[in-house]
Amino acid sequence: MIGVGIDIVENERVRKALSPAFLRHVLSKEEIARSKEYTEKRMVEFVSGRFACKEAIIKALSGYDSPVMSELNIINNETGKPEIKYKNYRLLISISHERNYSCAMAILEGVENG
């Protein structure tokens, strides 16, 4: 492990900030399309979780890279686990939700050669 990041977000703050400009700032194009499939409550949770996770990733990459949130595309694998592929970095991520908060953690395991 060469980097770690953690973040927590109050879901209500994200709900109040929701706008097309905010979504373009936080989410990738793929994530924006996916978010439109959700009810408002689930969309707020989705955006809050992605926001927290991207903040955690940026912290974990500190000193190595400086991505903007919208260039980070978090997907869910076939079991629903969130995953991120960004450049040649090996990153592990986790997102969790509670009634009022979303939190996330990112671990930078290393950098692939190439």
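So the values come out like this:
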| read-out | value |
| --- | --- |
| Condition met for residue 93 (in a helix (DSSP H, G or I), among the aliphatic types (A, V, I, L, M) and touching a helix residue (DSSP H, G or I) at 6+ places or on another chain (Cβ under 8 Å)) | no |
| Test: residue in region 18-26 that is in contact (Cβ under 8 Å) with a residue 40 or more places away in the chain and of a type in the set (D, E, K, R) | yes |
| Residue 22 vs. criteria buried (at least 21 other Cβ atoms within 10 Å of the Cβ) and either modelled with pLDDT of 95 or more or at negative phi (or both) | no |
| Total residues in region 66-90, condition in a helix (DSSP H, G or I) and aliphatic (A, V, I, L, M) | 1 |
| Members of region 1-13 that are touching a residue at least 60 places away in the same chain (Cβ under 8 Å) and part of a helix (DSSP H, G or I) | 11, 12 |
| Qualifying residue in region 40-60 (condition: without any contact (Cβ under 8 Å) to a residue 24 or more places away in the chain, more than 23 Å from residue 111 (Cα to Cα), out of contact with any strand residue (DSSP E or B) (no Cβ under 8 Å at 6 or more places or on another chain) and surrounded by 18 or more Cβ atoms within 10 Å (Cβ to Cβ)) | yes |
| Out of 110, 80, sole residue that is farther than 20 Å from residue 33 by Cα and more than 13 Å from the chain's Cα centre (by Cα) | 110 |
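Yes/no per residue for (1) at pLDDT 95 or above; (2) in a strand (DSSP E or B); (3) of a type in the set (A, V, I, L, M); (4) at negative phi:
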residue	(1), (2), (3), (4)
46	yes, no, no, yes
50	yes, no, no, yes
64	no, no, no, yes
105	yes, yes, yes, yes
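The values are calculated or read from the model by the stated rules, or taken from the named source; none is laboratory data. Everything numeric in this text was worked out from a predicted model, so none of it was measured. Please note: Cβ atoms are built from the backbone with ideal geometry, for glycine as well, and neighbour counts cover all protein chains shown.
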